[in-house]
Structure formats: structure tokens, C-alpha cells
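Reviewing the structure listed below.
Please treat every number below as a calculation from the coordinates, not as lab data. Because the structure is a prediction, the values reported are computed rather than measured.
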Amino acid sequence: MPARISTTNAPAAVGPYSQAVATGETAGSLVFVSGQVPLDPATGALVPGDVQAQAEQVLRNIGAILEAAGLGYDDVVKTTVLLADINDFAPVNEVYARFFTGEILPARAAFGVAALPLGARVEIEAVAVRR
């Protein structure tokens with residue numbers, strides 16, 4: 001039975017969706033983390049700064065949601081990175097590499113898109129697996 005994952009340590013959903021959904025509690029169950037934009041969970045506002053500052057906040061938000069599910073970055077098996085400007089790929093990749101450091105790195109896709117919610121420059125979603 002699917003279960004909603006929620007934490008106040010990450011921004012509340014800005015639409016009709018969950019921060020994350022788990023397919024179960026047993027080993028092999030998946031946790032789907034909704035796309036996170038760089039919102040400060042305390043204020044609900046977009047963080048100031050460049051795309052690297054935004055990527056840092058996005059990945060901290062993902063980490064908080066993973067923690068609420070009893071997981072961490074090493075449990076992530078797939079991410080999707082959405083960029084308002086594909087030229088931001090390299091600077092976002094630098095930040096991303098600081099969070100995902102395990103022996104097995106997640107599979108990933110990255111796309112340049114026309115626009116992101118709330119004027120964000122980066123959005124990342126993740127899929128994690130329970131061990």
C-alpha cells in the first residue's frame with residue numbers, strides 16, 4: 001500500500017502532490033521524491049543566489065525528504081535534473097557531485113526546459129530504494 005512521506009524540513013508541496021510516496025516499508029520498496037525547486041522550507045521563498053545556491057537548496061530539500069523516509073543519498077537509484085538553462089549543467093553538476101558520493105552513483109537524466117515553477121533555475125526529482 002503506498003504511503004505519503006512528509007516533513008516540515010523541506011518545502012510543502014506547491015500543488016496537489018506529495019513530497020514523496022513510498023511503495024512500502026520492506027527491502028526493495030521504492031520512494032519517489034517529487035521534483036524539488038530551491039525553496040527555503042522556513043520561508044517558502046526561492047533562495048537568493050546563483051544556480052549553484054539553488055542546486056544546493058534543492059539537494060538539501062531532497063535530503064530532508066529522504067531522511068523522513070529513513071533513507072539517505074546513497075539509497076537514491078535515479079534522478080532527473082531539470083534546468084531552465086542547459087548551460088547551467090556544469091555548475092549544477094559540481095554541486096550534485098558533493099551530495100552523491102557513494103560507490104554506486106544514481107542513474108540520471110538532465111534536460112533543458114522552457115521554464116520551471118516559481119522562476120526556479122533547477123528542479124530535481126529522485127527515486128530511492130529501501131535496503
Please list 3J(HN,Hα) in residue order for the range 65-77, calculated via the Karplus relation 6.51 cos²θ - 1.76 cosθ + 1.60 where θ = phi - 60°; whole Hz, with x for glycine and proline. 5, 4, 4, 4, 8, x, 10, x, 4, 5, 8, 6, 10
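Within the chain, what percent of beta bridges assigned by DSSP are antiparallel, to the nearest 5? Intermediate results must be reported in sequence, preceding the final value.
Working: 19 of 25 bridges.
Beta bridges within the chain, antiparallel portion: roughly 75 percent.
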May I ask you to evaluate 6.51 cos²θ - 1.76 cosθ + 1.60, the Karplus curve with θ = phi - 60°, for each residue of the range 96-104 and list the ³J(HN,Hα) values in order in whole Hz, giving x for glycine and proline? 3, 5, 7, 9, 9, 10, x, 5, 10
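Which of rounded, prolate, oblate describes the range 3-129, given a ≥ b ≥ c as roots of the alpha-carbon gyration tensor eigenvalues and a/c under 1.5 marking rounded, otherwise prolate only if a/b is larger than b/c?
Values: a/c = 1.77, a/b = 1.27, b/c = 1.40.
Oblate, because a/c is 1.5 or more while a/b does not exceed b/c.
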